[in-house]
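The next block holds one structure in the form of structure tokens; read it before the comments.
The values are calculated or read from the model by the stated rules, or taken from the named source; none is laboratory data. From a predicted model like this one, the values you see are computed outputs, not experimental measurements. Counting neighbours? That spans all protein chains shown, and the Cβs are built from the backbone with ideal geometry, glycine included. Heavy atoms of the whole protein, side chains included, go into the accessibility calculation; ligands, DNA and RNA do not. Shrake-Rupley method; radii C 1.70, N 1.55, O 1.52, S 1.80 Å.
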Amino acid sequence: MKNIFKDEIETHTQWKINLKKQIEEGVIQDIKKVGDPHVCDLGKWIYSDGIRYNRLPSFESLCIAHEHFHRVA
């Protein structure tokens, strides 16, 4: 079964790698954006094109994990 969220998850993975680099270098561009799950590319997708998948249990899991990540970050 193909993971329909693969591209979006990969994009967010790259975002997290960039955030880790910023933390290590001590230069986070905008701390408020880090905690906002609507600002990153995955968040923008979830609340726009991705909303068509909102009836799938895996979409709900994705949203929960994504929001949790941003709260913790």
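Descriptive notes on the structure:
- Extension gain, I51 to V39, is 2.8 nm, computed as 0.36 nm per intervening residue step minus the present C-alpha separation.
- Residue-wise HN-Hα coupling along region 8-17, computed from phi with Karplus coefficients 6.51, -1.76, 1.60 (Hz; x: Gly, Pro): 5, 5, 4, 4, 6, 4, 5, 4, 5, 4
- Taking 0.36 nm per residue of sequence separation and removing the Cα-Cα distance, the I28/N3 pair yields an extension gain of 5.9 nm.
- Carbon + sulfur, % of accessible area of the chain - ligands and nucleic acids excluded, 1.4 Å: 55 percent
- Debye log10 I(q)/I(0) for the chain, one point scatterer per Cα, at q = 0.21, 0.25 Å⁻¹: -0.91, -1.21
- Computed over protein heavy atoms with a 1.4 Å probe, the accessible surface of the chain works out to 76 Å² per residue.
- For region 30-44, 3J(HN,Hα) per residue [Karplus equation, 6.51 cos²θ - 1.76 cosθ + 1.60, θ = phi - 60°, Hz, x = Gly/Pro]: 8, 4, 5, 5, 4, x, 9, x, 8, 8, 5, 4, 5, x, 4
- Projecting the Cα atoms of H70, S58, T11 onto the charge dipole of the chain (Cβ charges, centred on the Cα centre) puts S58 farthest toward the positive pole.
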